[in-house]
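Step one of this worksheet: look at the structure below.
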Amino acid sequence: MSLDILFSPFEHKSLRLQNRIVMAPMTRSFSPAGVPTTEVAAYYGRRAPEMGLIISEGTVIDRPTASNDPAIPHFHGERALAGWKRVIDTVHAAGGAMAPQIWHMGIVAPHASGWKPPAPMEGPSGLVVPGEAGGVAMSETDVAETVAAFGRAAAQAKRLGFDAVEIHGAHGYLIDQFFWTGVNQRQDRYGGVTLPERSRFAVEVVRAVRSAVGEDFAVILRLSQWKQQDFAVKLARTPDEMVAWLAPLAEAGVDIFHCSQRRFWQPEFEGSDLNFAGWAKRLTGKQTITVGSVGLSGEFIAAFQGESSRPDPLDELIRRLTRGDFDLVAVGRAVLSDPHWVSKIREGRHEHLKDFTREALATLF
């Protein structure tokens, strides 16, 4: 198996990457009061020399209830932005490239600590899961202010010197809640019976971000079919439904679709072995990132519930990358637990690869 393609450079707009490996965004909750610390900067800095691109943990926009966790970093406010400036300067000094992932959680389950945001959580229809209230329905004014907050966060990313920006539109969080008919029961222009109708909010967010950063700054959008609330949900059941979903987002300004699956090798539709990222690239012509249990056995939701994972071969990943199914590969848990995973893969030191255990989540090693 030749790894040459995995370690070939990648360029697109503001991105100049040394290889095709992306550090996937992974929530760490080590930013007290939303402010990234020097330890957070060091955590990313240790990985910067090896990665093509680092995508930060989710960092929330300027809305009172964008987060259910007081230690999730913010991407607004003088202290938090100063913390992120320290992070990106550390990453650049180590030769890396980085994009913040800007995020609004929407309506989710309360944090285990019992901490609550200063106002009720907000979402498209007040539902945390189909049929169960967990917050309040956003007014059209709330929607407009949230769109504007995404745009401001993107502008700050460019001002601070980041290399790109990623919008979190996956995994059952706010943008994804608008996509999902199970929790989007709105009767105004942000609801509807079709997926393109329910995508209006996401399209407006992408347009706001694109307007804020200009045409030459790379904009990434992370999407998923599955939800943390229900793994079996499928927004687009056919290629036709998928192109109706993704094409307006591409037209609005997405450069790269980050296509989240729990297992990257699983086909998206019957009759083809293409995965989500493969179909997204074929249908839109845009660059794509694949992700989902790369380099490890087991999938990441199970890992957060205590299941360990062992190193897994990359042969199938390389086959698909060589075939041109996708352009970049995001790696999560393997890089979280080992900042030198990339060099071990490149040098064939497979015997030195580490298992992933839940204990890795408790540190910023």
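Each reported figure results from applying straightforward, stated rules to the coordinates on display, with no laboratory input. Here the structure is a predicted model, which is why all the values come from computation and not from measurement. Glycine also receives a Cβ, built like all others from the backbone with ideal geometry; neighbour counts cover every protein chain displayed.
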- Message: Given contacts defined as C-alpha pairs under 8 Å and at least six residues apart, what's the relative contact order of the chain, whole-number percent?
- Response: 15 percent
- Query: For the chain, the longest stretch holding no GluC sites (Glu not before Pro) located in a DSSP loop with at most 12 other Cβ atoms within 10 Å is which?
  - Reply: 1-214
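Once R0 is set to 25 Å, what does the formula 1/(1 + (r/R0)^6) return for the Cβ-Cβ distance between residue 230 and residue 119, expressed as a FRET efficiency to the nearest 0.05? Intermediate values should be presented prior to the final figure.
Numbers: r = 26 Å, r/R0 = 1.05.
The calculated FRET efficiency here is 0.45.
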- Note on the structure: Quick shape check on the chain: root eigenvalues a ≥ b ≥ c of the Cα gyration tensor, a/c under 1.5 is rounded, otherwise prolate if a/b tops b/c, else oblate, and it reads rounded
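Would you calculate the convex hull of the Cα atoms in region 216-365 and tell me its volume per residue in Å³?
In region 216-365, the Cα hull volume divided by residue count equals 135 Å³.
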- Message: Running a GNM on the chain with Cα contacts under 10 Å, which residue among 95, 348, 114 ends up with the highest mean-square fluctuation?
- Response: 114
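For region 1-67, what Kirkwood radius comes out of the mean inverse Cα-Cα distance, in Å?
Computed over region 1-67, the radius equals 14.0 Å.
If I take R0 = 22 Å and measure r between the Cβ atoms of residue 263 and residue 322 in this structure, what FRET efficiency does the formula 1/(1 + (r/R0)^6) give, to the nearest 0.05?
The pair residue 263/residue 322 has a calculated efficiency of 0.70.
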- So how many Lys-Lys pairs in the chain land under 20 Å Cα to Cα, not counting same-chain pairs under 8 apart? 6
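Helix-only estimate, please: 222 nm mean residue ellipticity of the chain, summing -39500 (n - 2.57) across DSSP H runs of length 4 or more and dividing by its residues, to the nearest 500.
Calculated mean residue ellipticity at 222 nm is -9500 deg cm²/dmol.
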- Task: Quickly work out the residue 216-to-residue 12 label distance, labels modelled 7 Å from Cα along the C-beta direction, and quote it in nm with one decimal.
- Result: 1.9 nm
- Task: Would you mind calculating the relative contact order of region 1-139 from Cα pairs under 8 angstrom and at least 6 residues apart, reporting the percent as a whole number?
- Result: 23 percent
- What distance in nm separates the simple spin-label points at residue 112 and residue 272, each placed 7 Å from Cα in the Cβ direction? 4.0 nm
- Neighbourhood net charge (11 Å Cβ-Cβ; Lys/Arg +1, Asp/Glu -1) for residue 1: -2
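May I ask you to derive the relative contact order of region 20-92, considering only C-alpha pairs under 8 Å and at least 6 residues apart, and to give it as an integer percent?
Normalised by residue count, the contact order of region 20-92 is 44 percent.
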- Query: Counting Lys and Arg as +1 and Asp and Glu as -1, what is the net charge of the other residues whose Cβ lies under 14 Å from the Cβ of residue 253?
  - Reply: -1
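Quick check: from the Cα gyration tensor, does region 180-299 come out rounded (a/c under 1.5), prolate or oblate?
In terms of gyration-tensor shape, oblate.
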- Task: Could you work out how far apart the two model spin labels at residue 2 and residue 145 are, taking each label as a point 7 Å from the Cα in the direction of the beta carbon, and quote it in nm?
- Result: 5.6 nm
- Message: Please give the Cα centre distance for region 4-58 versus region 175-220, rounded to the nearest Å.
- Response: 26 Å
